Amino acid sequence: MNSVHKPPSNSTLGVSSILGHEVCESYLLFPGETALGDALRTFLYFLGLAYCFIGLSAITERFFRSMENVVKQTREVVEIDPHTNSTVVRREKVWNYTIADITLLAFGTSFPQISLATIDALKNLGDLYAGGLGPGTLVGSAAFDLFPIHAVCVMVPKAGELKKISDLGVWIVELFWSFWAYFWLYIILKVWTPDIVTLWEALLTVLQFGVLLVHAYAQDKRWPYLSLPLTRGERPEDWVPEEATSYKHVDNVDDEHSGIIQIDENYERGIVDIFSIHSGSRRGPMYHNVPASDLAESSNELHALSLWKEQFVDALMLESAQTKKLGNIYVRALQMLWRLLLAPWRVMFALVPPCQIAHGWIAFVCCLTFISGIAYVVTKLTDLISCVTGINAYVIAFTALASGTSWPDLVASKIAAERQTTADSAIANITCSNSVNIYVGIGVPWLIDTAYNFIAYREPLRIQNAAGLSFSLIVFFATSVGCISVLVLRRLTLGAELGGPKPWAWLTSIFFMLLWVIFVTLSSLKVSGII
């Protein structure tokens, strides 16, 4: 029992002292790894980590397509016309766009970090000291979301094109809860119960995600007393321009890039857009690129089997129709090499059922399962890298893990900045993901550990490097003020948060990247004990 109360030591990472030289005795696949030199082991483990991030990007594309089908789901609404007294039947989207941004979009893009943190918590179950990978990755991911992703989104619009937030009220609510999440984390770690987390603190952390949902929905609906008195900006008829999504069927299209799968010469479907939920006209016609029903509703098993078969066929092909049309043989060779590198992931992910089945929910769950599996391998590799090199796990979490697992956030925000005529979803994904990181990504793992420790030992959860994590939060607050101030300044001077003249866009982007470098550098130096 006494060993449970001791903080993690080098022995827990498989490090032993041999003739005065520390050798990492842990391994990933076979014991013979320990005979390799530290430099070679470090290189191989980092190579494996990079390959896991490539796999994460591959499954994220399929995950987005499943989420697109979930979001576009509609329901039939029957109303009586007060003038003609006739029955009017219309279809409306099931998901409220604000709730979809916070739940499906933000939660989905943050799921790699959430999975990693939860797996890290389960690995440390029964230990009174929390693991460092989860919190470190989530705080580092918040910085990556706020700075590099904003830097990319600012540059996405064409030269001179401006994209602004149309609903400032919803953005302010989401921004408030995003900042409060990290302020709340600091209160837990340094004010109420320094260096420990209690069961009630973990429970309150998780419950605040529900409060965020209610407050954001209230602001979207402009509920009295619960919403800011800010009028919503003008919304276009279609938030996603038709020319950006109106594609025709192309033979043998590469599944990984277009999302269109060929079934036969008579079967044709358009691309479903993840942001098609943002329709300015709630009673208007649905987007032409959204099918009226999925395969579950049509009960067409032949189409379902054909789609699934096509996924495996495409996964095994080294050349797509687009690659074959390329005139440059070297470019074709590079494309084939890249598809060969992705082949193991593509074959594995072909097991995910087509996203046209059951409104995409089955594919949605299967993708999350694969993401969790990759996150588990990532945690193992990170432990080994820390074990072999002696680098603090928090430093790896702030840098490599935060950047790699935040790739889905970057993809989602970039797509939104490109396809939408406003900046709402591109920026909302950033602020909402940061909220989800704390309320769910840290709250749920801590709730698991604190509940177990309370039942088993009647003890709270201790945070081994709470001082370093708290310092990172302070740096994050300071740099965040600079980021938000620049966005506000751009709104006041240019009239929009994203785009504008290229020199100003470049200057803004460079400034955001500089803030990220400052955060990573200071945080890494602090948790390493250098400052």
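Of note:
- Residue in the range 338-354 that is at pLDDT 80 or above, in contact with a helix residue (DSSP H, G or I) (Cβ under 8 Å, 6 or more places away or on another chain) and farther than 22 Å from PHE53 by Cβ present: yes
- Residue in the range 175-192 that is aliphatic (A, V, I, L, M), under 25 Å from GLU497 (Cβ atoms) and not in a helix (DSSP H, G or I) present: no
- Residues that are charged (D, E, K, R), at pLDDT below 85 and crowded, with 23+ Cβ neighbours inside 10 Å, drawn from the range 109-148: ASP120
- Taking residues in the range 419-447 that are closer than 16 Å to HIS150 by Cβ and among the aliphatic types (A, V, I, L, M), and partners anywhere that are modelled with pLDDT of 85 or more and surrounded by fewer than 24 Cβ atoms within 10 Å (Cβ to Cβ), the pairs with Cβ atoms closer than 6 Å and at least 6 places apart or on different chains are ALA423/LYS164; ALA423/ILE165.
- Note on the range 372-387: residues that are touching a Cys at 6+ places or on another chain (Cβ under 9 Å) and surrounded by fewer than 19 Cβ atoms within 10 Å (Cβ to Cβ) amount to 1.
- Selection within the range 197-218: residues that are among the β-branched types (Val, Ile, Thr) and either buried (at least 20 other Cβ atoms within 10 Å of the Cβ) or out of contact with any Leu (no Cβ under 7 Å at 6 or more places or on another chain) (or both). The member of this set that is nearest to ALA181 (Cα to Cα) is THR205.
- Total residues in the range 350-363, condition open to solvent by less than 20 Å² (accessible area, probe 1.4 Å) and assigned to a helix (DSSP H, G or I): 2
- Residues within the range 193-233 that are of a type in the set (Gly, Ala, Ser) and in a helix (DSSP H, G or I), tallied: 4
- Leading residue by the ranking (farthest from ILE119 (Cα to Cα)) among those in the range 439-458 that are touching a helix residue (DSSP H, G or I) at 6+ places or on another chain (Cβ under 8 Å) and surrounded by fewer than 16 Cβ atoms within 10 Å (Cβ to Cβ): TYR457
- For the range 459-516, a residue qualifies if it is β-branched (Val, Ile, Thr), open to solvent by less than 60 Å² (accessible area, probe 1.4 Å) and without any contact (Cβ under 8 Å) to a residue 60 or more places away in the chain, and the qualifying residues are VAL475, VAL486.
So that you can scan it fast, the table gives a plain yes or no per residue for (1) open to solvent by 10 Å² or more (accessible area, probe 1.4 Å); (2) closer than 17 Å to ARG491 by Cα:
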| residue | (1), (2) |
| --- | --- |
| HIS150 | no, yes |
| VAL154 | no, yes |
| LYS158 | yes, no |
| GLU161 | yes, yes |
| TRP171 | yes, yes |
| ALA181 | no, no |
| LEU185 | no, no |
| ILE188 | no, no |
| THR193 | yes, no |
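- The range 219-233: number of residues that are charged (D, E, K, R) and either exposed (fewer than 13 other Cβ atoms within 10 Å of the Cβ) or modelled with pLDDT of 90 or more (or both): 1
Condition check ((1) surrounded by fewer than 19 Cβ atoms within 10 Å (Cβ to Cβ); (2) within 18 Å of the chain's Cα centre (by Cα); (3) over 26 Å from LYS526 (Cβ atoms)) across all residues:
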position: ILE329; (1), (2), (3): yes, no, yes
position: ARG332; (1), (2), (3): yes, no, yes
position: LEU337; (1), (2), (3): yes, no, yes
position: TRP345; (1), (2), (3): no, no, yes
position: MET348; (1), (2), (3): yes, no, yes
position: PHE370; (1), (2), (3): no, yes, yes
position: THR389; (1), (2), (3): yes, no, no
position: TYR394; (1), (2), (3): no, no, no
position: SER413; (1), (2), (3): no, yes, yes
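The values are calculated or read from the model by the stated rules, or taken from the named source; none is laboratory data. Everything quoted here is computed from the prediction, not taken from an experiment. Here the Cβ is made from the backbone with ideal geometry for all residues, glycine too, and neighbour counts use every protein chain on show. In case anyone asks, the SASA skips ligands and DNA or RNA and just uses the protein heavy atoms, side chains included. Shrake-Rupley method; radii C 1.70, N 1.55, O 1.52, S 1.80 Å.
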